[in-house]
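Asker: Before I ask anything, here is the structure I am working with.
The values are calculated or read from the model by the stated rules, or taken from the named source; none is laboratory data. If you're wondering where the values come from, they're calculated on a predicted model, not measured in any experiment. For neighbour counting, all protein chains shown are included, and Cβ atoms are generated from backbone atoms with ideal geometry for every residue, glycine included. Quick note on the areas: whole protein, heavy atoms, side chains included, nothing else; ligands and nucleic acids left out. Shrake-Rupley method; radii C 1.70, N 1.55, O 1.52, S 1.80 Å.
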Amino acid sequence: MTDGDAIRLAPSWKARVGDWFQRDDMRALSAFLRERVRAGARIHPDPKHIFAAFDATPFDAVKVVILGQDPYHGPGQAHGLCFSVLPGVPIPPSLDNIFKELHRDIGMARPANGYLMPWAERGALLLNSVLTVEDGRAGSHQGRGWEGFTDHVVDVLNREREGLVFMLWGSYAQAKGKVIDPRRHRVLKAPHPSPLSAHRGFIGCGHFSAANEYLARHGQAPIDWSLPTAT
C-alpha cells in the first residue's frame with residue numbers, strides 16, 4: 001500500500017517526498033498493512049484515498065496546513081482528508097465544533113455535510129499524522145511508520161515554503177509542529193476541537209479569520225472557508 005510508483009501523489013509532492021517510500025521503515029509499514037489485510041482487518045480509508053490530501057492540494061498550492069492525528073475509524077467515514085467525511089455521513093463531533101467556531105468567527109452558515117474537499121482544493125492541506133487505521137480501533141496504526149513520513153512532510157513545507165499558516169489543535173499536533181519556524185510561518189495553536197476539550201479554548205480561537213488576515217498581509221488570497229449549505 002505504500003510501495004513506489006503505485007502511490008498516487010501530485011507530481012509536486014512526489015518530487016519532494018517520493019524518495020521517503022524507499023526507506024526501510026516505509027517498506028516495513030507497507031508489509032504491515034498488507035499483513036493486516038491478509039488477516040482480515042478492515043483498514044480505513046480505502047487504499048486509493050490514503051494519500052488524497054496530497055492529490056487534492058499540490059505542494060505549491062498549500063496556504064494553510066491543518067494537522068489531525070489519525071483517520072476516523074468508523075465505516076465510510078475516512079477518505080484521506082483530516083476531519084472530513086463524505087457527503088451523507090453524519091458530521092462527527094470534532095467537525096461539528098469546527099463548524100461552530102467557523103460560524104462564531106466568520107459567520108459561516110452551517111454546511112449541509114462534512115465534506116471538506118473544497119477547502120483542500122483552495123489551498124488547505126488537511127493532513128493526518130497517521131494515514132491509516134483499522135475499523136473500530138482508534139490509533140491502531142500509530143507507531144508503525146506514518147509519523148516519520150508526515151513529520152518529513154511538515155519539515156519540507158517549513159523549509160521550502162514561506163508564509164504558510166499552520167493550525168495546530170491539541171497537544172499532539174502542537175508537538176508535531178515543533179519543527180515549524182515561526183519567523184517564516186504563522187503558527188496558530190488551540191485545544192483540540194473534540195467535545196472533551198473544545199470548551200477550553202478551541203471555541204473562540206478565531207483561527208480562520210486570523211489565517212486569512214495573515215495571508216492577506218503577505219500578499220496571498222485568503223482561503224474561502226465557505227461550504228455548500230442545505231437548500
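Asker: Taking the condition farther than 25 Å from Pro118 by Cβ and either of a type in the set (Asp, Glu) or in contact with a helix residue (DSSP H, G or I) (Cβ under 8 Å, 6 or more places away or on another chain) (or both), does His152 pass?
Answerer: yes
Asker: Only one of Ile91, Ile98, Ile66 is out of contact with any Lys or Arg (no Cβ under 8 Å at 6 or more places or on another chain) and in a strand (DSSP E or B). Can you tell me which?
Answerer: The match here is Ile66.
Asker: Turning to a different aspect of this structure: Which ranges mark the helices (runs of 4 or more DSSP H) fully within segment 113-231 that have 2 or more residues being under 30 Å from Phe21 (Cα atoms)? Working first, answer last.
Answerer: Numbers: elements: 117-121, 146-160, 171-176, 207-217.
The qualifying helices (runs of 4 or more DSSP H) are 117-121, 146-160, 171-176.
Asker: Another one. Which numbered condition trips up Gly170, out of (1) within 24 Å of Gly107 (Cβ to Cβ); (2) of a type outside the set (A, V, I, L, M, F, W, C); (3) within 19 Å of the chain's Cα centre (by Cα)?
Answerer: (1)
Asker: Say we look at segment 35-60 and pick out the residues that are within 29 Å of Glu162 (Cβ to Cβ) and part of a helix (DSSP H, G or I); which of these is most open to solvent (accessible area, probe 1.4 Å)?
Answerer: If we take residues in segment 35-60 being within 29 Å of Glu162 (Cβ to Cβ) and part of a helix (DSSP H, G or I), then Asp60 is most open to solvent (accessible area, probe 1.4 Å).
Asker: Here's a follow-up. For residues that are out of contact with any Cys (no Cβ under 6 Å at 6 or more places or on another chain) and touching a residue at least 60 places away in the same chain (Cβ under 8 Å), tally how many sit in segment 67-82.
Answerer: So the answer is 8.
Asker: All but one of (1) loosely packed, with under 14 Cβ neighbours inside 10 Å; (2) modelled with pLDDT of 95 or more hold for Gly136; state the number of the condition that does not hold.
Answerer: (2)
Asker: Being open to solvent by 20 Å² or more (accessible area, probe 1.4 Å) and on the phi < 0 side of the Ramachandran plot is the filter here; which residues of segment 191-209 pass it? It would help to see each step written out before you state the result.
Answerer: To start, the set of residues in segment 191-209 that are open to solvent by 20 Å² or more (accessible area, probe 1.4 Å) comprises 191-192, 194-196, 199-201, 203-205, 209.
Within segment 191-209, Pro191, His192, Ser194, Pro195, Leu196, His199, Arg200, Ile203, Cys205, Ser209 qualify.
Asker: Now a separate question. Given the conditions (1) surrounded by 13 or more Cβ atoms within 10 Å (Cβ to Cβ); (2) small (Gly, Ala, Ser); (3) farther than 19 Å from Asn128 by Cβ, and given that Gly219 satisfies all but one, which numbered condition is not satisfied?
Answerer: Result: Gly219 fails condition (1) only.
Asker: Also, I was wondering about something else. Please enumerate the residues belonging to segment 162-190 that are buried (at least 18 other Cβ atoms within 10 Å of the Cβ), closer than 20 Å to Arg217 by Cα and in contact (Cβ under 8 Å) with a residue 24 or more places away in the chain.
Answerer: Of everything in segment 162-190, those that are buried (at least 18 other Cβ atoms within 10 Å of the Cβ), closer than 20 Å to Arg217 by Cα and in contact (Cβ under 8 Å) with a residue 24 or more places away in the chain turn out to be Leu164, Val165, Phe166, Met167, Ile180, His185, Arg186.
Asker: Now for a different question. Tell me whether segment 79-98 contains one or more residues that are farther than 24 Å from Cys205 by Cβ and buried (at least 20 other Cβ atoms within 10 Å of the Cβ).
Answerer: Yes, there is a match, as at least one residue in segment 79-98 is farther than 24 Å from Cys205 by Cβ and buried (at least 20 other Cβ atoms within 10 Å of the Cβ).
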